[in-house]
Amino acid sequence: MPLSLSLITILSLLLSTATATTLGVTYTATSDAPPPEQLIATFLSLKITAVRLPNPNPNLIRAFTYTNISLFLTIPNSVIPAISGNRSAADLWLFAHVIPFYPRARITAISVGTDVFSQGDVTVTDLLVPAVRNVKLSLTDIGITEITVSTTLSFVNVITTSFPPSSARFLEPVNTLVIRPLLDLLAETNSSFFVSLDSYSVYKLRPEIPIGFALFQQHAFNFREDTVTGVRYRNLFDIMLDAVIVAMAVAGHENIPVVVAETGWPCYDSNNEVEAREVYAKMYLQGLVNHVRSGKGTPLKREGATEVYVYELFDRNDTGSESLGWQNWGFCYLNMSLKFDIDFSNGGGSMLMEEGVKMVTMCLMILVLYTF
């Protein structure tokens, strides 16, 4: 008996699986860091296939040629005004950081600035989208169309609320002035939306969130329910990511891919020594890896984020105001030994394979039943 169109549709849906999320790390180059060759050897041994470079330099980028490790480059905030008003400034940066190495160095993304709104400079709001556009146009003019270009925004600075995700919106006036024009540009250029998901900061801002919920700990009653959608969430990361997805949908662009440019948990916080500890950092990072590698995505987005970058490789003694103190986020010492055991390859391939086998088995059963 010939297969009906409806059955073919059902089979195609059953066979369709989420694309595996790329899991990478952030590496901020410092004068006391190990040589690039040692860094790359460590990345490969940990099965890390993507690296985000917040302060890339030509020598570092050159070291990644022929490694097949994808690179996420960042243009400094200080260069945005020049690039926004002058295409030649964009050309100059690209000719120093991209053209000499691409495609031998697998550069896949460029962020024009990072968290520019945290600096309180309102003049940047008029410059950011034109700067992103000029970088993309310069790449296109020289024949490079595969590199996605956007800017990295911080969740805590652009989203109204983390819970419930169904109520999340982009903050005004940033939404009208910057984010909506940015989303229009990203849709036009087939680029991704870059966002930093700082679960630690949101956890500190929302005291009702249990620590285990923030750290991916699985317990029978460890969930929060969005009463609007009826969706149950098992971890804070999914809540934040779905809040971004909802805000994008409300803005009319739910289909733009999302890249989580930063997420992590500090090993030390001078103002919070109770919850910023290595044991919690290990729990968060391993939970994140397991969750990302599972291929389950989020409740509202089956494919989840297309890329997720752990923040970060080494401690930087990140310092804010005197009241914020300073924090260490690194999971690795400068001698390239890990602070704690973490398996970056855990579970991903096998779980996705098991899911695929189940889907194929189900399809074969349907075919047999339909035939007889």
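Please name whichever of Val124, Trp329, Val308 sits farthest to the positive end of the charge dipole of segment 21-348, dipole taken about the Cα centre and charges placed at Cβ: Lys and Arg +1, Asp and Glu -1.
Val308
Percent relative contact order of segment 21-348, based on C-alpha pairs within less than 8 angstrom and at least six residues apart? Walk me through the numbers before you get to the answer.
Working: 637 pairs, mean separation 61.0, N = 328.
Computed over segment 21-348, the figure is 19 percent.
How are the alpha carbon pair distances in segment 21-348 distributed across 20 Å bins from zero to the largest one, expressed in percent?
Pairs per bin, as whole percents: 32, 61, 7.
Going by how many other beta carbons lie within 10 Å of each one, how would you line up Leu153, Leu236, fewest first?
Fewest to most other Cβ atoms nearby, the residues stand as Leu236, Leu153.
For Lys136, go through the aspartates and glutamates and keep the ones whose alpha-carbon is under 14 Å away, minus same-chain ones fewer than eight residues off.
Within the straight-line cut-off, Lys136 pairs with Asp91, Glu146, Asp184, Glu188.
Could you tell me what a quarter of the Cα convex hull surface of segment 145-264 works out to, in nm² with one decimal place?
7.7
What FRET efficiency, computed as 1/(1 + (r/R0)^6) with R0 = 41 Å and r the Cβ-Cβ distance, is obtained for Leu137 and Leu171, rounded to the nearest 0.05? Write out the running numbers ahead of the final one.
Numbers: r = 28 Å, r/R0 = 0.69.
So the FRET efficiency works out to roughly 0.90.
Treating only the Cβ atoms of Lys and Arg (+1) and Asp and Glu (-1) as charged, compute the dipole magnitude of segment 250-301 about its Cα centre; round to the nearest 20 debye. Walk me through the intermediate numbers first.
On the way: 5 positive and 6 negative charges, 71 e Å.
Dipole magnitude for segment 250-301 comes out near 340 debye.
What are the trypsin sites (Lys or Arg not before Pro) within segment 101-188 that DSSP puts in a loop, where the Cβ has at most 15 other Cβ atoms within 10 Å? If you can, show how the numbers build up before the last one.
On the way: sites: Arg104, Arg106, Arg133, Lys136, Arg169; in loops: Arg104, Arg106, Arg169.
Here the sparse-neighbourhood loop sites are Arg104, Arg169.
Let me check the size of segment 188-227 from its C-alpha atoms; what are the radius of gyration and Dmax in Å?
According to the Cα coordinates of segment 188-227, Rg and Dmax are 14.5, 44 Å.
Loop only by DSSP, 13 or fewer other Cβ within 10 Å of the Cβ. Give me the chymotrypsin sites (Phe, Trp or Tyr not before Pro) in segment 168-255 that pass, ordered by residue number. Intermediate results must be reported in sequence, preceding the final value.
Working: sites: Phe170, Phe193, Phe194, Tyr200, Tyr203, Phe213, Phe216, Phe221, Phe223, Tyr233, Phe237; in loops: Phe216, Phe221, Phe223.
For chymotrypsin sites (Phe, Trp or Tyr not before Pro) across segment 168-255 that sit outside H, G, I, E and B with at most 13 neighbouring Cβ atoms in 10 Å, the list reads Phe221, Phe223.
Throughout, read-outs are computed from the coordinates displayed, never taken from laboratory work. Treat the numbers as computed from the prediction; the structure is a model and nothing was measured. Positions of Cβ are backbone-derived with ideal geometry, glycine not excepted, and every protein chain shown enters the neighbour counts.
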